[in-house]
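**Student:** Take a look at this one; I'll ask things after.
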Amino acid sequence: MRTLYSLLALLILNTGFSQDYYVYVAAESDDQVSVLKFDGKEIIETDRVSVGIMPTENEGPHGITVDPNGKYWYLSLAHGSPNGSVVKYSTENNEPLSKVELGLFPATMQLSKTTGLLYVVNFNLHGLMKTSTVSVVDPEYMVEITKIKTGIMPHGSRMSPDGNLHYSVAMMSGELFEIDAVDLSVKRILSLDNNTHHRNAMHHSKLKPTWVTPSPSGHELYIAANGSDNIYIVDTNKWKVKEVYKTGKGPYNIAVSPDGEKLITTLKNEGAVSIWSLKNREQISRIKTTTSIPHGVVVSPDNKYAFVSVEGVGGESGKVDVINLEQLKLVASAEVGKQAGGIAFWKIAD
């Protein structure tokens, strides 16, 4: 058996076998979405898609996600008249299929593998400082089923690994929300500022949480507190903060490797990415990005690479940086449209 594996390894080396990694990234200031391919050495743009329907106005593509079977991708357009929307595209040809209007400034989103529904937070960036919502969308018919009331300026959101729960954080009210993905109700609320529930629309959080993502086990939640330069770790069983990590300036988005070993966060105000060992509970690397204002981050399903969207400043092009998580170094970068933000992993192809 060992000889068979050795022969297979030699065959792979001699035939130049490689894997290609594909990601989608939205350029918010250009109304464009790029498809990128990384072959382990170089990352290139294979397609650039113009999005939106108003050529004279910027519609602000913000959040992006790919469905579990890889056939469709979904894009939130933050600006509308007055509401934003979500558009469904085919990954086969990147053509739009259907569209649904949601709330003010729809932002991050993800599909549940249990219900098959799409959960989209309405960030309400330009509206009044009041409680906002999570829109629940049937992605087959692209209709909004309901809006679930949450906190003030909800932004980062992710599903639990089993697809039964939806988590989001409200940036200005400083709250963590747990929604039952099946009965579509808020189950639990945790105030990250002082552990009391804030229903006062005038409350401004000092922590300003911008992102939440669960561990692969679902027992922990990792929250980027952009206003206090911390990562908060919440125990989902006890529903309380169990640890706080001090990061660099402006932690914004968070991803966890599928094996649960590494936590990666973008440091928006520092132009860097921080990588933590969840086993040892310590930072193991801090890597500068190729330009300013790192935004989103996703990890490949094989735990090998982190793909980071970097906004840039002014008229500068955005970037997608690739970090080798085994070597802990930046290994490739590609230019995309201006203000690269939302990023989603699509597939690995042999």
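**Student:** Hey, among the residues in segment 287-306 that are out of contact with any Leu (no Cβ under 8 Å at 6 or more places or on another chain) and not polar (S, T, N, Q), which one's surrounded by the most Cβ atoms within 10 Å (Cβ to Cβ)?
**Tutor:** My answer is GLY296.
**Student:** Also: Take residues that are closer than 20 Å to VAL331 by Cβ and basic (Lys, Arg) and tell me which of the strands (runs of 3 or more DSSP E) falling wholly in segment 225-282 contain 1 or more.
**Tutor:** Per the criteria, 262-267.
**Student:** Right, something else. Across segment 68-104, what is the number of residues that are in contact (Cβ under 8 Å) with a residue 40 or more places away in the chain, of a type in the set (Gly, Ala, Ser) and within 12 Å of VAL137 (Cβ to Cβ)?
**Tutor:** The number of residues fulfilling the criteria is 3.
**Student:** Taking segment 289-317 only, how many residues are among the aliphatic types (A, V, I, L, M) and more than 18 Å from the chain's Cα centre (by Cα)?
**Tutor:** Total meeting the criteria: 1.
**Student:** Can you pull out every residue in segment 137-166 that is within 12 Å of THR115 (Cβ to Cβ) and either assigned to a strand (DSSP E or B) or at pLDDT below 95 (or both)?
**Tutor:** Hits for segment 137-166 are VAL137, ASP138, ILE145, MET159, LEU165, HIS166.
**Student:** So which of LEU13, LEU4, LEU8 ends up being at pLDDT below 95, assigned to a helix (DSSP H, G or I) and under 21 Å from TYR305 (Cα atoms)?
**Tutor:** Going through LEU13, LEU4, LEU8 in turn, just one is at pLDDT below 95, assigned to a helix (DSSP H, G or I) and under 21 Å from TYR305 (Cα atoms): LEU13.
**Student:** Filter segment 94-117 down to residues that are assigned to a strand (DSSP E or B) and of a type in the set (Lys, Arg), then give me how many there are.
**Tutor:** Result for segment 94-117: 1.
**Student:** Restricting to segment 275-301, count the residues that are without any contact (Cβ under 8 Å) to a residue 60 or more places away in the chain and within 28 Å of GLN32 (Cβ to Cβ).
**Tutor:** Of the residues in segment 275-301, 12 are without any contact (Cβ under 8 Å) to a residue 60 or more places away in the chain and within 28 Å of GLN32 (Cβ to Cβ).
**Student:** Could you list, in sequence order, all residues of segment 303-316 that are assigned to a loop (DSSP other than H, G, I, E, B) and in contact (Cβ under 8 Å) with a residue 24 or more places away in the chain?
**Tutor:** The answer is ASN303, GLU311, GLY312, GLU316.
**Student:** If only one of GLY80, GLY52, GLY63 is under 21 Å from the mean Cα position of the chain (by Cα) and not in a strand (DSSP E or B), which one is it?
**Tutor:** Checking each option against the conditions leaves just GLY52.
**Student:** Moving on to the next point. Report yes if SER205 is over 15 Å from the mean Cα position of the chain (by Cα) and crowded, with 23+ Cβ neighbours inside 10 Å, otherwise no.
**Tutor:** Yes; evaluated as a whole, the condition is true for this residue.
**Student:** Here's a follow-up. Exactly one of these conditions fails for LEU267: (1) hydrophobic (A, V, I, L, M, F, W, C); (2) surrounded by 14 or more Cβ atoms within 10 Å (Cβ to Cβ); (3) under 27 Å from SER112 (Cβ atoms). Give me its number.
**Tutor:** All conditions pass for LEU267, except number (3).
**Student:** List the residue pairs whose Cβ atoms are under 8 Å apart, where the first residue sits in segment 323-350 and is assigned to a loop (DSSP other than H, G, I, E, B), the second is aromatic (Phe, Trp, Tyr), and the two are 6 or more positions apart or on different chains.
**Tutor:** LEU325/TYR305; ASP350/PHE17
**Student:** Of the numbered conditions (1) β-branched (Val, Ile, Thr); (2) touching a residue at least 40 places away in the same chain (Cβ under 8 Å); (3) touching a Ser or Thr at 6+ places or on another chain (Cβ under 8 Å); (4) surrounded by fewer than 19 Cβ atoms within 10 Å (Cβ to Cβ), VAL241 fails exactly one; give the number of that condition.
**Tutor:** (3)
**Student:** Another question about this same structure. When you go through THR150, THR114, THR65 one by one, which is the residue that is in contact (Cβ under 8 Å) with a residue 24 or more places away in the chain, surrounded by fewer than 19 Cβ atoms within 10 Å (Cβ to Cβ) and not charged (D, E, K, R)?
**Tutor:** Result: THR114 is the single residue among THR150, THR114, THR65 that is in contact (Cβ under 8 Å) with a residue 24 or more places away in the chain, surrounded by fewer than 19 Cβ atoms within 10 Å (Cβ to Cβ) and not charged (D, E, K, R).
**Student:** Further question: Which of the residues spanning segment 26-49 are in a loop (DSSP other than H, G, I, E, B), over 20 Å from ASN124 (Cα atoms) and touching a Ser or Thr at 6+ places or on another chain (Cβ under 9 Å)?
**Tutor:** Once the filter is applied, which keeps residues that are in a loop (DSSP other than H, G, I, E, B), over 20 Å from ASN124 (Cα atoms) and touching a Ser or Thr at 6+ places or on another chain (Cβ under 9 Å), segment 26-49 yields ASP30, ASP39, GLY40, LYS41.
**Student:** Moving to a separate point now. Here is a list: VAL134, VAL87, VAL120. Which entry is assigned to a strand (DSSP E or B), farther than 22 Å from ASP183 by Cα and within 20 Å of the chain's Cα centre (by Cα)?
**Tutor:** VAL87 is the lone residue from the list that is assigned to a strand (DSSP E or B), farther than 22 Å from ASP183 by Cα and within 20 Å of the chain's Cα centre (by Cα).
**Student:** Still on this structure, I have one more. Taking segment 326-335 as the search range and keeping residues that are surrounded by fewer than 20 Cβ atoms within 10 Å (Cβ to Cβ) and in contact with a Ser or Thr (Cβ under 9 Å, 6 or more places away or on another chain), which one is farthest from ASN303 (Cα to Cα)?
**Tutor:** GLU335
The values are calculated or read from the model by the stated rules, or taken from the named source; none is laboratory data. Just so we're clear, the structure is a prediction, and the values are computed from it rather than from any experiment. A quick note on method: Cβ atoms are made from the backbone with ideal geometry, for glycine too, and the neighbour counts reach across all protein chains shown.
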